[in-house]
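The values are calculated or read from the model by the stated rules, or taken from the named source; none is laboratory data. Treat the numbers as computed from the prediction; the structure is a model and nothing was measured. Cβ atoms come from the backbone with ideal geometry, glycine included; neighbour counts cover every protein chain shown. Accessible surface areas use protein heavy atoms only, side chains included; no ligands, DNA or RNA. Shrake-Rupley method; radii C 1.70, N 1.55, O 1.52, S 1.80 Å.
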Amino acid sequence: MRLEPVANPSLARTMVPPALAILATIAIASFLAMIAGANPFSVLGLIIKGAFGSKFALLETLNRATPLIFTGLAVAVAFRARLWNIGAEAQLYAGALVVAVLGTGLLNWPAIALLPTMAILAMVAGAILLLIPALLKVRLGVDEVVTTLLINFIFLLFISMLLEGPLKDPMGMGWPKSPRLIDEARLPRMAEGLRLHWGFGLALIAAVITWIIGARTTLGYEMRAVGLNREAAEFAGIPVGRVLIKTALLSGGLAALAGYSEVAGLKGNLTLDLSPGFGYTGIIVAMLALLNPLGVVAAALFVAGIFVGADSMSRAVGVPTYLADIMLATALLLMVVAILLTRFRVVRE
């Protein structure tokens, strides 16, 4: 048997395997819930209710989805051009660091000037952090999977050093965290009395802009061409190295906005546990969305809903919250298989 590429997959071939992957994930999660001694229908119902069943639950899901949209977009953009960005976690913290430095009084500007300035400089910081591995790949052929992954650990240790040193809040009772942001550096709430902030609105805008760049611009065409066949793109006159550098700048900037939104919109200060792995989860989000920027929004809501709903479900029936991790890991593996079956057919020789 061998795999044969499908030149123009039909709509059914494109949609059915991913849908079956999601159904198989639900079936496996139900089976694991039964092993844990719970009613699988009750468990799934509690997850849905815990994620979307009330105003509070919905807002928590949207808040959790906000950084996942940014990191999912960052990964989707990079992976589309076959630039394997595994460093969204570090880029997130780079954006958060910029906000923690500028938003605690260093720039005592009104909010209308301070918020966009911090966002732009956060994107610059994230872009520079991915630019280094991209240059190493383009100039020296260094594998960016290794460099971006290692930068995650290096940068987290750098953040830890700063939070135990020059950025440590003197009023924080010894806890390693930065001082609180001034009011002008905080993203406003989307409605009075709600926790949901305008970081979520910014994430939606970023998704639309990223889709427009990918589908309606020359850069988007070049990124797709490089991702599909680098040698053919180079033969056609596309400057592959330049395209990869531009892709890295866009991807790193998007990931940094996740840190910007978490600090300026939700947390109010920088801590070492700011991200529970949003950068890595962004890879799952991007793959579930099939690298489509608009699909990233739906995938991020799905992933955030599982995590938020699993917390509520665990308290209600005693099933460990690790079920959410298993569901997402299973969904990712099955989605990879679904993509393979979408693009290739099995032929018997």
Add -39500 (n - 2.57) for each DSSP H run of 4 or more in the chain, then divide by its residues: what number comes out at 222 nm, to the nearest 500 deg cm²/dmol? -24000 deg cm²/dmol
Using only the alpha carbons, work out the radius of gyration and Dmax of the range 12-126 in angstrom. 20.3, 57
Unit-weight point scatterers at every alpha-carbon of the chain, Debye formula, q = 0.14 1/Å: log10 I(q)/I(0) is -1.19
Which net charge results for the neighbourhood of Ala57, defined as the other residues with beta-carbon distances under 14 angstrom from its beta-carbon, given Lys and Arg at +1 and Asp and Glu at -1? +3
Accessible area of the chain divided out per residue, in Å², using a probe of 1.4 angstrom: 48
Could you pull out every one of the aspartates and glutamates with an alpha carbon less than 18 Å from that of Lys168, ignoring same-chain neighbours closer than 8 positions? Asp273
Selection from Gly199, Trp109, Val99 lying farthest towards where the dipole of the chain points positive, charges on Cβ: Gly199
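How large is the charge dipole for the chain, taken about the Cα centre, if only the Cβ atoms of Lys, Arg (+1) and Asp, Glu (-1) carry charge, to the nearest 20 debye?
580
How large is the dipole of the range 76-196 about the Cα centre if only Lys and Arg carry +1 and Asp and Glu carry -1, each at its Cβ, rounded to the nearest 20 debye?
220
If I stretch the segment between Leu150 and Ala19 completely, what's the gain in nm (0.36 nm per residue apart, minus their alpha carbon distance), one decimal?
Length gained between Leu150 and Ala19: 43.7 nm.
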To make sure I understand the rule: partners must be lysines, Cα under 30 Å from the Cα of Lys55, and not fewer than 8 residues away in the same chain. Which ones qualify? Lys267
Quick one: pull the percent of accessible area on the range 62-132 belonging to carbon and sulfur, 1.4 Å probe, ligands and nucleic acids left out. 74
Given 0.36 nm per residue, what is the gain on full extension from Val347 to Ile48 after removing their alpha carbon distance, in nm? 103.6 nm
Taking the Cα centre of the range 240-349 as origin and charging only Cβ (+1 Lys, Arg; -1 Asp, Glu), how large is the dipole, in debye to the nearest 20? 420
Taking amide hydrogens as modeled 1.01 Å from N in the peptide plane, which residues meet the under 5 Å criterion relative to Lys177, leaving out close sequence neighbours? Asp169
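Would you be so kind as to identify all helices of the chain, as entire DSSP H runs, whose Cα atoms reach 30 Å or more along the helix's own axis and whose mean Kyte-Doolittle hydropathy is at least 0.0?
Span-like helices here: 11-35, 55-80, 111-140, 240-261, 293-317, 322-343.
Just in the range 62-99: which trypsin sites (Lys or Arg not before Pro) are loop by DSSP and have at most 10 other Cβ atoms within 10 Å?
For trypsin sites (Lys or Arg not before Pro) across the range 62-99 that sit outside H, G, I, E and B with at most 10 neighbouring Cβ atoms in 10 Å, the list is empty.
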Which parts of the range 41-83 would a label at Ala191 reach, counting a residue when its backbone N lies under 17 Å from a point 7 Å out along Cα-to-Cβ? 52-64
Can you pull a Stokes-Einstein diffusion coefficient for the range 208-319 at 10 °C (1.306 mPa s), Rh from Kirkwood over Cα pairs, as a whole number of µm²/s? 96
Along the three principal axes, how long is the range 83-136 when you take its alpha carbons, biggest first, rounded to the nearest angstrom? 38, 14, 13
